[in-house]
Structure formats: structure tokens, C-alpha cells
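Step one of this worksheet: look at the structure below.
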Amino acid sequence: MHSIFRNLTQNIEFTGDLKQDIQLFLSTHNCTKTAEHCMDVGAEARRLALIYEADPDAAEIAGWLHDISIVFPNNQRIAVSRELQIEILPEEEIFPMIIHQKLSKVMARDIFKITDTEILDAVGCHTTLRAHSTLLDQVVFVADKIAWDQPGEPPYIQELNRSLTISLTHGAFSYIDF
């Protein structure tokens with residue numbers, strides 16, 4: 001495990017229960033609101049997966065893990081990504097918040113021992129999506145937009161829900177269009 005991650009986990013006694021361990025990890029780092037959001041996204045991802053015939057367990061796990069990199073403040077994410085040898089796009093340099101998806105992917109793999117590439121890939125594109133996205137990518141992307149972590153109702157939610165009646169892809173792209 002990379003020393004950056006050892007420092008984040010050295011005082012945590014993991015239980016082996018993934019959901020509980022994610023909540024413990026985030027709350028230990030004073031991110032209880034994010035822990036709640038991750039649990040909400042996991043539940044929403046499971047619900048969407050059942051509707052659109054994706055793997056509900058994988059969707060839920062990806063939802064739980066999607067924002068675990070919140071433990072790194074925005075102003076540290078580029079430096080941490082460099083240290084972890086994560087490719088940094090020019091857009092991520094300009095807007096470092098979006099690189100958290102790549103950090104969460106690496107943390108899911110290295111801290112929480114996730115080996116399923118579909119789960120890792122869905123975590124790694126949950127903010128921006130990606131070209132040739134998979135069903136699981138789209139489930140987690142849309143779940144994150146529905147289970148939003150800001151006060152009030154998301155300004156795009158009615159259009160997103162209308163688009164979901166057509167297809168999951170339509171739902172995803174309604175948010176992107178927004």
C-alpha cells in the first residue's frame with residue numbers, strides 16, 4: 001500500500017464489512033456527511049441497477065466507494081494524484097474537484113481491496129462519465145446525480161427523471177446536457 005494510504009488507514013481497525021468500513025473510514029476523517037451521501041448513492045445505484053438490469057451488488061458497492069477520496073481537500077488532489085502516478089488531464093488541472101473520481105478508484109483498489117474492474121471503472125468515471133460507458137458506469141453516474149449532496153432539489157432532476165423513462169442513457173445524457 002502506498003504511504004499516502006497507510007497514513008490514512010493506520011489508526012483504523014477495519015471490520016471486513018465493506019459498507020461499515022467505508023463509513024468508518026470517512027467518519028474517522030471527519031467526512032460523515034460524505035459517508036451518508038455515499039450510502040445514499042449506493043442505495044440509489046442498487047435501485048437503478050434493478051430497473052435497468054445491471055448487477056445490483058456491484059452498483060451498490062461502486063456507489064458506496066465513489067467519493068471516498070473526499071479525505072483529500074481540493075487543493076491537494078493534483079499533488080496526491082501526481083504522487084500516485086495518476087494521469088492528470090488539463091481539465092483536471094483547471095478544475096481539480098473532478099480528479100476525485102480517479103483518486104477514489106485507486107483508493108477503492110488499494111485500501112478496500114476491490115478487484116472488480118467494472119466497479120473500479122464506474123467509480124473512476126462517476127462525475128464525468130466516459131466515452132463508451134458501460135451500463136454500470138451509467139447507473140453509478142445517474143445515481144450520484146439523483147442522490148445529490150447539496151441542499152434542496154437538484155435543478156436538473158425533473159428532466160433527468162423524464163429522460164429515465166426513455167432509457168438510462170437518456171437520463172445520463174440529460175444531466176450532461178444540463
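The values are calculated or read from the model by the stated rules, or taken from the named source; none is laboratory data. The model shown is predicted, which means the values in this text are computed figures rather than measured ones. As a convention, Cβ positions derive from the backbone with ideal geometry for all residues, glycine included, and neighbour counts pool all protein chains shown. Ligands, DNA and RNA are excluded from the accessible area calculation, which covers all protein heavy atoms including side chains. Shrake-Rupley method; radii C 1.70, N 1.55, O 1.52, S 1.80 Å.
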Kindly indicate whether any position in the range 50-59 is open to solvent by less than 60 Å² (accessible area, probe 1.4 Å) and either among the polar types (S, T, N, Q) or free of Cβ contacts under 8 Å to residues at least 12 places away in the same chain (or both).
yes
What's the total number of residues in the range 5-32 that are over 14 Å from ILE70 (Cα atoms) and either modelled with pLDDT under 95 or not in a helix (DSSP H, G or I) (or both)?
10
Residues being within 15 Å of GLN101 (Cβ to Cβ), of a type in the set (Gly, Ala, Ser) and open to solvent by 10 Å² or more (accessible area, probe 1.4 Å) - total across the range 132-155
1
Does ILE94 count as open to solvent by 50 Å² or more (accessible area, probe 1.4 Å) and either more than 18 Å from HIS2 (Cα to Cα) or of a type in the set (Gly, Ala, Ser) (or both)?
yes
Filtering the range 144-155 down to residues that are under 13 Å from the mean Cα position of the chain (by Cα) and either more than 21 Å from GLU60 (Cα to Cα) or part of a loop (DSSP other than H, G, I, E, B) (or both), which residue is modelled with the highest pLDDT?
ALA147
Could you grab me the full set of residues in the range 75-93 that are under 20 Å from THR9 (Cα atoms), in contact (Cβ under 8 Å) with a residue 12 or more places away in the chain and not in a loop (DSSP other than H, G, I, E, B)?
ARG77, VAL80, SER81, GLU83
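Looking at PHE112, PHE141, which one is within 30 Å of SER3 (Cβ to Cβ) and either out of contact with any Cys (no Cβ under 7 Å at 6 or more places or on another chain) or assigned to a helix (DSSP H, G or I) (or both)?
PHE112
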Just name the residue that is surrounded by the fewest Cβ atoms within 10 Å (Cβ to Cβ) out of those in the range 1-18 that are touching a residue at least 24 places away in the same chain (Cβ under 8 Å) and not hydrophobic (A, V, I, L, M, F, W, C).
HIS2
Looking only at the range 156-178, and only at residues there that are open to solvent by 90 Å² or more (accessible area, probe 1.4 Å) and part of a loop (DSSP other than H, G, I, E, B), the one that is modelled with the lowest pLDDT
PHE178
The range 145-159, residues that are without any contact (Cβ under 8 Å) to a residue 40 or more places away in the chain and under 19 Å from THR134 (Cβ atoms):
LYS145
